[in-house]
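The values are calculated or read from the model by the stated rules, or taken from the named source; none is laboratory data. Every value quoted in this text rests on a predicted model; they were computed, and no experiment measured them. Cβ atoms come from the backbone with ideal geometry, glycine included; neighbour counts cover every protein chain shown. To get the accessible areas, we keep the full protein, side chains included, count just its heavy atoms, and leave off ligands, DNA and RNA. Shrake-Rupley method; radii C 1.70, N 1.55, O 1.52, S 1.80 Å.
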Amino acid sequence: MRHEEFLSKCYEHKHALIFAAGIATAIIGKKALESKTVKNAATRGMATVMSAKRDAEECFQDMKENAEDIVVDAHQEDKKEIYVESKE
């Protein structure tokens with residue numbers, strides 16, 4: 001019966017327990033966020049993201065340059081065809 005009595009009292013004061021759990025979570029969360037391990041992990045994560053961004057920008061720039069070269073080559077081919085047709 002003690003277990004059932006304990007649960008019924010907890011159920012009666014569930015709002016107070018939720019409030020206390022919120023405070024405990026905030027305190028534990030603050031301690032966790034201030035730890036060196038979390039800071040180091042966040043720093044490594046940010047460095048990885050920045051590196052990936054830089055690599056993506058370089059890849060995009062290469063793709064853009066290749067596309068521009070293709071467009072220039074296509075225009076030159078068009079000009080050659082027009083010149084050859086007009087000469088005949």
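Show me the helices of the chain, taken as full DSSP H stretches, that run 20 Å or more along their long axis by Cα and average 0.5 or above in Kyte-Doolittle hydropathy.
Working: long enough: 14-34 (30 Å, 0.92); 36-87 (76 Å, -0.91).
Length and hydropathy pass: 14-34.
Among 33, 13, 50, flag the residue with its Cα farthest along the positive direction of the charge dipole of the chain, charges on Cβ as +1 for Lys/Arg and -1 for Asp/Glu.
13
With +1 on each Lys and Arg Cβ and -1 on each Asp and Glu Cβ, how big is the dipole of the chain about its Cα centre, in debye rounded to the nearest 20? Before the final figure, lay out the partial values.
Numbers: 14 positive and 17 negative charges, 298 e Å.
Dipole size: approximately 1440 debye.
Report the label-to-label distance for residue 65 and residue 50 in nanometres (one decimal), using points 7 Å from each Cα along the Cα→Cβ vector.
Inter-label distance under the simple model: 2.4 nm.
Which entry is the computed P(r) over Cα pairs in 10 Å bins from 0, in percent for this structure: (i) 17, 49, 28, 5, 1, 0; (ii) 14, 27, 24, 21, 12, 1; (iii) 13, 14, 14, 13, 12, 10, 8, 7, 5, 3, 1?
(iii)
Just to verify a number: what accessible area does residue 10 come out at with the full protein assembly present, 1.4 Å probe, Å² rounded to tens?
The accessible area comes out at roughly 40 Å².
Leaving out ligands, DNA and RNA, and with a 1.4 Å probe, what % of the accessible surface on the chain is carbon or sulfur?
Numbers: 5430 of 8510 Å².
About 64 percent, which is the carbon plus sulfur part of the accessible surface.
Could I have the simple spin-label model distance between residue 6 and residue 77, label points 7 Å from Cα toward Cβ, reported in nm to one decimal?
8.0 nm
Quick one: if you stick a label point 7 Å off each Cα along the C-beta vector at residue 57 and residue 26, how many nm between them?
3.9 nm
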